Amino acid sequence: MSDLHVQQSLSGFIASDPRLTYTRSGDARFYAKIGQEHYRRETDGSFTKLETTFHDLVQYRKAAEEAAARFQKGDWFLAEGYVKTYTSAQGTEQDEFVAKKLGHDTARTDYEVTRKEREPSSADKATTIATQLQAAQEATDRVAGTTDPAPAQPRATVTGAAHVAQSETVSL
């Protein structure tokens, strides 16, 4: 049995002005009519554009608020989630895509990513310590006059996430 988690995905463009509303229980609900372009591959290798189809997309809670702040009509997107069938107020069955994750389509959208400064990992810290040890050893060698004219070899080894061991240097 596989541990691979698989979800349905959907790509398209936001076809209507997105709306942010709230459910009776107070949860945020993002709604947009979305469009999907369809193509048929011809025997000569070319493609013929078919009719665009339109569907409902929703997202809930904090993710809905984020989507409402970031998406506008015309944006291309990728979504992960599932199709839900419900009965409309008119008594007809309707499908909507419930997005658990929603993001801009990087193949069709230019944007800038703003990242928060991250905490250094244990490996980053170990590398910094190894670099500092190497620099200290080289400075000691220069003062002692034992600098080897050959290119400097690393004098510290990093193993595991945070273990640093200094190797010995032998001058001839």
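The table for this structure:
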quantity: In order through the range 14-27: 3J(HN,Hα) via Karplus (6.51 cos²θ - 1.76 cosθ + 1.60), integer Hz, x for Gly, Pro; calculated: 6, 9, 10, 5, x, 10, 10, 10, 10, 6, 4, 7, x, 7
quantity: For the range 78-94, 3J(HN,Hα) per residue [Karplus equation, 6.51 cos²θ - 1.76 cosθ + 1.60, θ = phi - 60°, Hz, x = Gly/Pro]; calculated: 10, 9, 10, x, 7, 8, 10, 9, 9, 9, 6, 4, 7, x, 9, 7, 10
quantity: Integer Hz, Karplus 6.51/-1.76/1.60 couplings in order for the range 52-62, x for Gly and Pro; calculated: 6, 9, 10, 9, 9, 10, 10, 8, 10, 6, 4
quantity: Rounded, prolate or oblate (a/c below 1.5 giving rounded, otherwise prolate when a/b exceeds b/c) for the range 30-90 by Cα gyration tensor; calculated: prolate
quantity: Largest-first ordering by accessible area, 1.4 Å probe, given options Phe97, Phe47; calculated: Phe47, Phe97
quantity: Accessible-area order (highest first, 1.4 angstrom probe) of the listed residues Ser88, Ser121, Ser9; calculated: Ser9, Ser121, Ser88
quantity: Rounded if a/c under 1.5, otherwise prolate or oblate - the range 1-160, Cα gyration tensor axes; calculated: prolate
quantity: Largest-first ordering by accessible area, 1.4 Å probe, given options Lys33, Lys100; calculated: Lys100, Lys33
quantity: Sequence-distant residues sharing a close amide H with Ala15 (under 5 Å, placed H); calculated: Lys33, Ile34, Gly35, Gly74
quantity: Area accessible to solvent at Tyr82, 1.4 Å probe radius, in Å²; calculated: 100 Å²
quantity: Over 22 Å between alpha carbons, listed pairs Lys33/Lys100; Lys33/Lys116; Lys49/Lys84; Lys73/Lys116; calculated: Lys33/Lys116; Lys49/Lys84; Lys73/Lys116
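The values are calculated or read from the model by the stated rules, or taken from the named source; none is laboratory data. Every value quoted in this text rests on a predicted model; they were computed, and no experiment measured them. Just the protein is used for accessible areas: all its heavy atoms, side chains included, with ligands, DNA and RNA removed. Shrake-Rupley method; radii C 1.70, N 1.55, O 1.52, S 1.80 Å.
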